[in-house]
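Here's the structure, in structure tokens; my notes come after.
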């Protein structure tokens, strides 16, 4: 840019030189702020295209140096930390001691700062022994739990239980406990819970039925929403229920199949992040006529008789 100005300014009168400077500055500013929002491997009819494009416009997610997005690639823990850092501005709830680092996150590592902030904000934790495992894929249930914990999304569930085919057992509910020293796993808070047998008052009103469903135990929410609810880890039952009630969960190709322990893809992560922004009122909901909207999991149609 400097060489260009020198070349163009030789012999140029002052007014013309000022114009050159203004144009050059505008071009440089555009080059710095413009970003890629479409990708050759994300077709216009790809199921997650609206989520990917809208997050790319916000510079929350980016593509690879070759211009691709690779939507089916799994998201590693370091990448997830970086995405969360860009998407959400949350006050720290804990601090890393001065000089404390993860043994497998070397000084100068590209994601060291996002990893530190994701821990301090309550989105992520490490593993025993001081390890973070930055290149380990994040499962879908871990991603959901991370978002609900970091953003304190609790939903309206009255209790948390493990989904089983037997009668629901009662447990005592506790708030999640974060242990900075004896850190456990990415999204495995110490959580135990209780399922209260709640029976809504009989009513023919659809509104009343929906209100009653919102106060159902977490186990009711997930077992009546997902056909693979029994695969959801115990620690994540309440988090998945809260995310489901907040319309954060997006399942492709079948909204009723969560695949909780499957590594989350970049496309799935984009959908989860965007829907979380919608739940926070920070993004516009997708129009109902968009194909992508039909994969957003809804709970307001849950029928209490479908137990």
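The values are calculated or read from the model by the stated rules, or taken from the named source; none is laboratory data. All figures in this text were calculated on a predicted structure; none of them were measured in a lab. Heads up, the Cβs are rebuilt from the backbone with ideal geometry, glycines too, and the neighbour counts pull from every protein chain shown.
Only one of the numbered conditions (1) more than 17 Å from the chain's Cα centre (by Cα); (2) farther than 16 Å from residue 269 by Cβ is not met by residue 122, and that is (1).
Scanning the range 271-281 turns up one or more residues that are surrounded by fewer than 15 Cβ atoms within 10 Å (Cβ to Cβ) and out of contact with any helix residue (DSSP H, G or I) (no Cβ under 9 Å at 6 or more places or on another chain). Checking every residue in the range 164-171 against the condition of being at pLDDT below 95, crowded, with 17+ Cβ neighbours inside 10 Å and under 25 Å from residue 279 (Cβ atoms) gives zero matches.
Which one of 286, 277, 272 is at negative phi and in a loop (DSSP other than H, G, I, E, B)? Matching residue, one of 286, 277, 272: 286.
Figure legend. Inter-residue proximity from the range 217-238: first residues at positive phi and assigned to a helix (DSSP H, G or I), second residues at pLDDT below 95 and buried (at least 21 other Cβ atoms within 10 Å of the Cβ), beta-carbon distance below 9 Å, spacing 6+ or different chains. No pairs are indicated.
Here residue 62 does not fit the description of being under 30 Å from residue 286 (Cβ atoms) and at pLDDT below 90.
The rows are residues; the columns are (1) farther than 28 Å from residue 245 by Cα; (2) without any contact (Cβ under 8 Å) to a residue 40 or more places away in the chain.
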{"position": "81", "(1), (2)": "no, no"}
{"position": "85", "(1), (2)": "no, yes"}
{"position": "122", "(1), (2)": "no, no"}
{"position": "132", "(1), (2)": "yes, no"}
{"position": "141", "(1), (2)": "no, no"}
{"position": "151", "(1), (2)": "no, no"}
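Taken over the range 55-86, residues that are surrounded by 20 or more Cβ atoms within 10 Å (Cβ to Cβ) and assigned to a helix (DSSP H, G or I) amount to 11.
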